[in-house]
Amino acid sequence: MSMRIVRPTAYGGPEVLTVAEVPLPEPATGEALIRVKAAGVNPIDWKLYSGAFHDIDDEHTDAAGVDAAALPQLGLECAGIDTTTGDEVIVYPVTAAYADYVVAPKSSLIPKPSSISWAEAGALMLTGLTAAHALHAAGVHEGDTVLIHNGSGGVGLMAVQLATARGATVVATASERNFDVLRDLGATPVAYGPGLLDRVRAAAPGGVTAALDLIGTEEALDTSLALVTDRDRIASINGGPRRAKEGIKVLGYGPGEDAGAEFRAAARHDLAAKAGAGHLRVIVAGTFGLDQAAEAHRAGLTGHTPGKLVLVP
Ligand SMILES: NC(=O)c1ccc[n+]([C@@H]2O[C@H](COP(=O)([O-])OP(=O)(O)OC[C@H]3O[C@@H](n4cnc5c(N)ncnc54)[C@H](OP(=O)(O)O)[C@@H]3O)[C@@H](O)[C@H]2O)c1
(Lines give C-alpha, C1' and ligand atoms only; values in the text may rest on other atoms or scores of the structure.)
Protein backbone atom coordinates (compact mmCIF):
# COMPACT_ATOMS: atom_id res chain seq x y z
CA MET A 1 0.00 0.00 0.00
CA SER A 2 1.27 3.50 -0.77
CA MET A 3 0.64 6.97 0.59
CA ARG A 4 1.31 10.60 -0.26
CA ILE A 5 4.01 12.62 1.50
CA VAL A 6 5.07 16.25 0.97
CA ARG A 7 8.82 16.60 0.55
CA PRO A 8 11.32 19.21 -0.53
CA THR A 9 13.30 18.11 -3.59
CA ALA A 10 16.05 20.66 -2.87
CA TYR A 11 16.84 23.53 -0.54
CA GLY A 12 14.92 26.62 -1.59
CA GLY A 13 11.49 28.22 -1.42
CA PRO A 14 8.02 26.61 -1.56
CA GLU A 15 8.55 25.79 -5.25
CA VAL A 16 10.77 22.86 -4.20
CA LEU A 17 7.90 21.07 -2.43
CA THR A 18 6.40 18.04 -4.17
CA VAL A 19 3.91 15.34 -3.30
CA ALA A 20 5.58 11.93 -3.58
CA GLU A 21 3.93 8.51 -3.59
CA VAL A 22 5.83 6.21 -1.19
CA PRO A 23 5.25 2.85 0.57
CA LEU A 24 3.39 3.02 3.90
CA PRO A 25 5.94 3.23 6.76
CA GLU A 26 6.07 0.28 9.16
CA PRO A 27 5.93 0.91 12.90
CA ALA A 28 8.57 -0.80 15.04
CA THR A 29 8.03 -1.95 18.62
CA GLY A 30 6.87 0.97 20.73
CA GLU A 31 5.63 2.89 17.69
CA ALA A 32 2.21 3.48 16.15
CA LEU A 33 1.06 4.05 12.57
CA ILE A 34 -1.20 7.10 12.47
CA ARG A 35 -3.66 8.01 9.74
CA VAL A 36 -3.04 11.79 9.62
CA LYS A 37 -6.20 13.92 9.66
CA ALA A 38 -4.51 17.32 10.13
CA ALA A 39 -0.90 18.52 10.34
CA GLY A 40 0.02 21.94 11.73
CA VAL A 41 2.20 24.20 9.58
CA ASN A 42 4.90 26.17 11.40
CA PRO A 43 7.63 28.64 10.34
CA ILE A 44 10.23 26.02 11.28
CA ASP A 45 8.93 23.92 8.35
CA TRP A 46 10.00 26.37 5.64
CA LYS A 47 13.12 27.37 7.56
CA LEU A 48 14.22 23.70 7.55
CA TYR A 49 14.41 23.44 3.75
CA SER A 50 15.28 27.10 3.12
CA GLY A 51 18.94 26.34 3.65
CA ALA A 52 19.04 28.84 6.53
CA PHE A 53 20.23 26.09 8.87
CA HIS A 54 22.74 24.66 6.41
CA ASP A 55 26.00 25.86 5.03
CA ILE A 56 25.15 25.43 1.35
CA ASP A 57 25.85 27.41 -1.75
CA ASP A 58 23.29 28.61 -4.28
CA GLU A 59 23.76 25.60 -6.54
CA HIS A 60 22.04 23.41 -3.96
CA THR A 61 18.73 25.06 -4.75
CA ASP A 62 18.77 23.11 -8.02
CA ALA A 63 16.76 19.95 -7.46
CA ALA A 64 18.94 17.93 -9.81
CA GLY A 65 22.05 18.38 -7.71
CA VAL A 66 20.72 17.44 -4.28
CA ASP A 67 20.68 14.13 -2.46
CA ALA A 68 17.03 13.84 -1.41
CA ALA A 69 17.95 11.65 1.58
CA ALA A 70 19.74 14.61 3.17
CA LEU A 71 16.74 16.90 2.94
CA PRO A 72 14.57 17.53 5.98
CA GLN A 73 11.28 15.77 6.63
CA LEU A 74 8.38 18.13 7.16
CA GLY A 75 5.53 18.17 9.65
CA LEU A 76 6.37 18.42 13.35
CA GLU A 77 2.86 18.09 14.78
CA CYS A 78 -0.39 16.41 13.79
CA ALA A 79 -3.62 14.74 14.88
CA GLY A 80 -5.06 11.55 13.49
CA ILE A 81 -6.26 8.01 14.08
CA ASP A 82 -4.11 5.25 15.58
CA THR A 83 -4.55 2.52 12.93
CA THR A 84 -4.16 -0.27 15.52
CA THR A 85 -6.52 0.93 18.24
CA GLY A 86 -8.80 3.29 16.31
CA ASP A 87 -8.12 5.97 18.95
CA GLU A 88 -8.27 9.63 17.93
CA VAL A 89 -4.97 11.16 19.01
CA ILE A 90 -2.82 14.26 18.98
CA VAL A 91 0.74 13.34 17.99
CA TYR A 92 3.67 15.35 19.35
CA PRO A 93 6.60 15.23 18.95
CA VAL A 94 6.65 13.72 15.47
CA THR A 95 8.49 14.16 12.17
CA ALA A 96 7.25 13.74 8.58
CA ALA A 97 3.58 14.41 9.39
CA TYR A 98 2.98 16.17 6.05
CA ALA A 99 1.59 12.85 4.80
CA ASP A 100 -1.40 10.52 4.72
CA TYR A 101 0.25 8.34 7.38
CA VAL A 102 3.08 8.82 9.87
CA VAL A 103 4.90 6.56 12.31
CA ALA A 104 5.40 7.99 15.82
CA PRO A 105 6.57 6.70 19.19
CA LYS A 106 3.59 5.70 21.35
CA SER A 107 4.90 8.16 23.95
CA SER A 108 3.98 10.94 21.49
CA LEU A 109 0.26 10.06 21.49
CA ILE A 110 -2.19 12.10 23.57
CA PRO A 111 -5.97 11.51 23.43
CA LYS A 112 -7.65 14.08 21.15
CA PRO A 113 -10.42 15.96 22.96
CA SER A 114 -13.64 15.16 21.06
CA SER A 115 -14.84 18.77 21.38
CA ILE A 116 -12.14 20.22 19.09
CA SER A 117 -11.82 19.80 15.33
CA TRP A 118 -9.08 17.83 13.59
CA ALA A 119 -7.49 21.07 12.37
CA GLU A 120 -7.46 22.55 15.88
CA ALA A 121 -6.03 19.34 17.35
CA GLY A 122 -3.33 19.04 14.68
CA ALA A 123 -2.21 22.64 15.21
CA LEU A 124 -2.39 22.86 19.01
CA MET A 125 0.90 21.54 20.33
CA LEU A 126 3.91 23.22 18.75
CA THR A 127 2.77 26.79 19.29
CA GLY A 128 0.89 26.00 22.52
CA LEU A 129 3.87 24.33 24.16
CA THR A 130 6.23 27.08 23.00
CA ALA A 131 3.92 29.68 24.52
CA ALA A 132 3.61 27.71 27.78
CA HIS A 133 7.40 27.30 27.90
CA ALA A 134 8.00 31.02 27.31
CA LEU A 135 5.54 32.00 30.06
CA HIS A 136 7.18 29.49 32.40
CA ALA A 137 10.69 30.73 31.58
CA ALA A 138 9.69 34.34 32.25
CA GLY A 139 7.86 33.26 35.43
CA VAL A 140 4.59 34.91 34.42
CA HIS A 141 2.01 34.74 37.21
CA GLU A 142 -1.13 36.37 38.54
CA GLY A 143 -0.71 40.12 38.99
CA ASP A 144 2.02 40.48 36.32
CA THR A 145 1.76 42.86 33.44
CA VAL A 146 3.33 41.03 30.53
CA LEU A 147 4.28 42.49 27.15
CA ILE A 148 3.86 39.92 24.36
CA HIS A 149 5.52 40.83 21.07
CA ASN A 150 3.71 39.27 18.10
CA GLY A 151 0.50 38.55 19.98
CA SER A 152 -1.28 37.68 16.73
CA GLY A 153 1.05 34.89 15.52
CA GLY A 154 0.54 31.20 16.17
CA VAL A 155 2.63 31.27 19.36
CA GLY A 156 1.36 34.70 20.43
CA LEU A 157 -2.34 33.82 20.29
CA MET A 158 -1.61 30.90 22.62
CA ALA A 159 0.59 32.97 24.94
CA VAL A 160 -2.05 35.69 25.26
CA GLN A 161 -4.71 33.17 26.29
CA LEU A 162 -2.47 31.25 28.70
CA ALA A 163 -1.24 34.48 30.32
CA THR A 164 -4.69 35.99 30.84
CA ALA A 165 -5.94 32.64 32.20
CA ARG A 166 -3.31 32.78 34.94
CA GLY A 167 -4.39 36.28 35.93
CA ALA A 168 -1.77 38.39 34.17
CA THR A 169 -2.56 41.66 32.44
CA VAL A 170 -1.46 41.37 28.81
CA VAL A 171 -0.29 44.06 26.41
CA ALA A 172 0.26 42.46 22.98
CA THR A 173 1.81 43.89 19.82
CA ALA A 174 0.13 43.36 16.44
CA SER A 175 -0.97 45.34 13.42
CA GLU A 176 -4.35 47.05 13.71
CA ARG A 177 -6.28 44.52 11.68
CA ASN A 178 -5.60 41.97 14.43
CA PHE A 179 -6.58 44.20 17.35
CA ASP A 180 -10.13 42.83 17.68
CA VAL A 181 -9.07 39.21 18.08
CA LEU A 182 -6.54 40.23 20.75
CA ARG A 183 -9.18 42.25 22.61
CA ASP A 184 -11.51 39.22 22.43
CA LEU A 185 -8.81 37.15 24.11
CA GLY A 186 -8.44 39.69 26.92
CA ALA A 187 -5.30 41.59 25.83
CA THR A 188 -4.68 45.28 25.21
CA PRO A 189 -3.33 45.50 21.65
CA VAL A 190 -0.66 48.01 20.62
CA ALA A 191 0.73 48.50 17.12
CA TYR A 192 4.33 47.41 16.59
CA GLY A 193 6.67 49.80 14.72
CA PRO A 194 8.25 53.20 15.48
CA GLY A 195 7.04 54.67 18.80
CA LEU A 196 6.27 51.24 20.31
CA LEU A 197 7.93 52.04 23.64
CA ASP A 198 5.70 55.08 24.24
CA ARG A 199 2.57 53.20 23.22
CA VAL A 200 3.34 50.35 25.63
CA ARG A 201 4.04 52.84 28.45
CA ALA A 202 0.66 54.45 27.78
CA ALA A 203 -1.10 51.06 27.69
CA ALA A 204 0.61 49.89 30.91
CA PRO A 205 0.99 52.97 33.12
CA GLY A 206 1.77 50.77 36.14
CA GLY A 207 4.79 49.27 34.35
CA VAL A 208 5.63 45.98 32.66
CA THR A 209 6.94 43.14 34.82
CA ALA A 210 7.72 40.51 32.15
CA ALA A 211 8.08 40.29 28.37
CA LEU A 212 7.93 37.58 25.72
CA ASP A 213 9.69 38.26 22.45
CA LEU A 214 7.89 36.02 19.94
CA ILE A 215 9.11 37.83 16.81
CA GLY A 216 12.88 38.31 17.19
CA THR A 217 13.16 41.91 16.02
CA GLU A 218 15.58 44.46 17.46
CA GLU A 219 12.51 46.54 18.31
CA ALA A 220 11.04 43.75 20.44
CA LEU A 221 14.34 43.21 22.25
CA ASP A 222 15.02 46.92 22.84
CA THR A 223 11.48 47.61 24.09
CA SER A 224 11.58 44.63 26.44
CA LEU A 225 14.97 45.68 27.86
CA ALA A 226 13.76 49.25 28.37
CA LEU A 227 10.62 48.19 30.25
CA VAL A 228 11.52 45.09 32.26
CA THR A 229 14.20 45.52 34.90
CA ASP A 230 14.77 41.85 35.71
CA ARG A 231 16.33 40.20 32.62
CA ASP A 232 15.33 36.74 33.87
CA ARG A 233 11.77 37.85 33.19
CA ILE A 234 12.32 38.40 29.47
CA ALA A 235 12.04 35.29 27.28
CA SER A 236 12.72 35.16 23.55
CA ILE A 237 11.98 32.36 21.08
CA ASN A 238 13.57 33.87 18.00
CA GLY A 239 16.20 36.35 16.84
CA GLY A 240 19.91 37.02 16.65
CA PRO A 241 22.87 36.39 18.99
CA ARG A 242 22.42 39.73 20.79
CA ARG A 243 19.70 38.12 22.94
CA ALA A 244 22.17 35.85 24.74
CA LYS A 245 24.57 38.76 25.27
CA GLU A 246 21.79 40.76 26.95
CA GLY A 247 21.31 37.97 29.51
CA ILE A 248 17.65 37.21 28.79
CA LYS A 249 16.12 33.72 28.58
CA VAL A 250 16.62 32.30 25.09
CA LEU A 251 14.41 29.35 24.16
CA GLY A 252 15.11 27.16 21.16
CA TYR A 253 17.32 24.49 19.69
CA GLY A 254 20.53 26.40 18.99
CA PRO A 255 23.74 26.13 21.04
CA GLY A 256 23.20 27.39 24.58
CA GLU A 257 19.44 27.74 24.10
CA ASP A 258 16.80 26.12 26.33
CA ALA A 259 14.73 23.62 24.29
CA GLY A 260 12.63 22.77 27.37
CA ALA A 261 11.99 19.20 26.13
CA GLU A 262 10.99 17.91 29.57
CA PHE A 263 8.76 20.90 30.36
CA ARG A 264 7.07 20.74 26.97
CA ALA A 265 6.45 16.96 27.11
CA ALA A 266 4.88 17.28 30.54
CA ALA A 267 2.69 20.23 29.51
CA ARG A 268 0.98 18.41 26.61
CA HIS A 269 -1.88 16.92 28.64
CA ASP A 270 -2.66 20.22 30.33
CA LEU A 271 -2.78 21.96 26.96
CA ALA A 272 -5.10 19.31 25.49
CA ALA A 273 -7.35 19.53 28.57
CA LYS A 274 -7.57 23.32 28.32
CA ALA A 275 -8.41 23.14 24.59
CA GLY A 276 -10.95 20.37 25.21
CA ALA A 277 -12.67 22.40 27.92
CA GLY A 278 -12.91 25.43 25.62
CA HIS A 279 -10.43 27.47 27.66
CA LEU A 280 -7.84 27.64 24.87
CA ARG A 281 -8.77 28.39 21.27
CA VAL A 282 -6.65 27.31 18.32
CA ILE A 283 -7.27 30.02 15.75
CA VAL A 284 -6.99 28.46 12.30
CA ALA A 285 -6.09 30.98 9.60
CA GLY A 286 -6.50 28.49 6.74
CA THR A 287 -6.59 24.82 5.74
CA PHE A 288 -4.90 23.30 2.67
CA GLY A 289 -4.70 19.86 1.02
CA LEU A 290 -1.34 18.07 0.81
CA ASP A 291 -1.05 19.15 -2.83
CA GLN A 292 -1.42 22.77 -1.64
CA ALA A 293 1.50 22.65 0.83
CA ALA A 294 3.51 25.14 -1.24
CA GLU A 295 0.55 27.53 -1.21
CA ALA A 296 0.31 27.19 2.59
CA HIS A 297 4.03 27.96 2.92
CA ARG A 298 3.75 30.98 0.62
CA ALA A 299 0.97 32.29 2.86
CA GLY A 300 3.10 31.69 5.96
CA LEU A 301 6.18 33.27 4.43
CA THR A 302 4.36 36.60 4.12
CA GLY A 303 4.86 36.82 7.92
CA HIS A 304 1.33 38.12 8.40
CA THR A 305 -0.89 35.09 8.95
CA PRO A 306 -3.21 35.64 11.91
CA GLY A 307 -3.16 32.17 13.47
CA LYS A 308 -2.36 28.67 12.28
CA LEU A 309 -2.14 27.20 8.82
CA VAL A 310 -3.07 23.53 8.66
CA LEU A 311 -2.64 20.75 6.09
CA VAL A 312 -5.62 18.41 5.85
CA PRO A 313 -4.66 15.27 3.85
N1 LIG B 1 12.12 28.69 19.82
C2 LIG B 1 11.03 27.97 19.65
O3 LIG B 1 10.84 26.95 20.32
C4 LIG B 1 10.03 28.39 18.62
C5 LIG B 1 8.82 27.68 18.53
C6 LIG B 1 7.86 28.15 17.63
C7 LIG B 1 8.12 29.24 16.81
N8 LIG B 1 9.34 29.85 16.88
C9 LIG B 1 9.64 31.02 16.02
O10 LIG B 1 8.90 32.13 16.52
C11 LIG B 1 8.47 32.97 15.46
C12 LIG B 1 6.96 33.16 15.55
O13 LIG B 1 6.30 31.93 15.28
P14 LIG B 1 4.74 31.93 14.95
O15 LIG B 1 4.35 30.51 14.64
O16 LIG B 1 3.98 32.65 16.00
O17 LIG B 1 4.76 32.81 13.61
P18 LIG B 1 3.59 33.33 12.71
O19 LIG B 1 2.28 32.79 13.17
O20 LIG B 1 3.97 33.07 11.30
O21 LIG B 1 3.63 34.91 12.96
C22 LIG B 1 2.85 35.72 12.13
C23 LIG B 1 2.49 36.98 12.87
O24 LIG B 1 3.64 37.82 13.02
C25 LIG B 1 3.17 39.14 13.16
N26 LIG B 1 4.25 40.09 12.90
C27 LIG B 1 4.90 40.29 11.72
N28 LIG B 1 5.86 41.23 11.88
C29 LIG B 1 5.81 41.64 13.19
C30 LIG B 1 6.57 42.58 13.97
N31 LIG B 1 7.56 43.29 13.42
N32 LIG B 1 6.26 42.72 15.28
C33 LIG B 1 5.26 42.00 15.85
N34 LIG B 1 4.51 41.08 15.15
C35 LIG B 1 4.79 40.91 13.84
C36 LIG B 1 2.07 39.20 12.12
O37 LIG B 1 1.15 40.18 12.52
P38 LIG B 1 0.53 41.22 11.44
O39 LIG B 1 -0.11 40.40 10.37
O40 LIG B 1 -0.43 41.95 12.27
O41 LIG B 1 1.70 42.02 10.93
C42 LIG B 1 1.45 37.79 12.17
O43 LIG B 1 0.25 37.75 12.92
C44 LIG B 1 8.93 32.26 14.16
O45 LIG B 1 10.15 32.85 13.75
C46 LIG B 1 9.16 30.82 14.59
O47 LIG B 1 10.11 30.17 13.78
C48 LIG B 1 10.29 29.46 17.78
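The values are calculated or read from the model by the stated rules, or taken from the named source; none is laboratory data. Keep in mind that what you see is a predicted model, and the values were worked out from it rather than measured. Methodologically, a virtual Cβ is constructed for each residue, glycine included, from the backbone with ideal geometry; neighbour enumeration extends over all protein chains shown. Calculation scope for accessible area: heavy atoms of the full protein, side chains included, ligands and nucleic acids excluded. Shrake-Rupley method; radii C 1.70, N 1.55, O 1.52, S 1.80 Å.
Details
- The amide H of A172, built 1.01 Å from its N in the peptide plane, has I148, T188, V190 as neighbours under 5 Å, considering only residues 5 or more places off or on other chains.
- Taking 0.36 nm per residue of separation and subtracting the current Cα-Cα distance, fully stretching the chain between T83 and D232 would add 49.2 nm.
- Overall form of the stretch 132-250 per C-alpha gyration tensor (a/c, 1.5; a/b vs b/c): rounded
- Here the simple spin-label model places points 7 Å from the Cα toward Cβ, and for A165 and I44 these points are separated by 2.1 nm.
- Close amide-amide hydrogen proximity is noted between G307 and G154, each under 5 Å apart and 5 or more residues distant or on a separate chain (H modeled in the peptide plane; Pro and chain starts excluded).
- Exposure ranking of T217, T145 by accessible area [1.4 Å probe, largest first]: T217, T145
- Formal net charge of residues neighbouring T18 (Cβ-Cβ distance under 14 Å; K, R +1; D, E -1): -2
- For G75, distant residues with modelled amide H under 5 Å away: A96, A97, Y98
- Taking the stretch 132-250 and dividing mean pair separation by its residue count, relative contact order in percent (alpha carbons under 8 Å, at least six apart): 27
- Note on surface exposure: E77, E120, E15 rank E15, E120, E77 by accessible area, highest first, 1.4 Å probe.
- Chain lengthening between E21 and D180 when straightened (0.36 nm per residue, less Cα-Cα): 53.0 nm
- DSSP bridge analysis restricted to the chain gives an antiparallel fraction near 55%, rounded to the nearest 5.
- Under 19 Å from K112, Cα to Cα: lysines that are on another chain or at least 8 residues apart: K37, K274, K308
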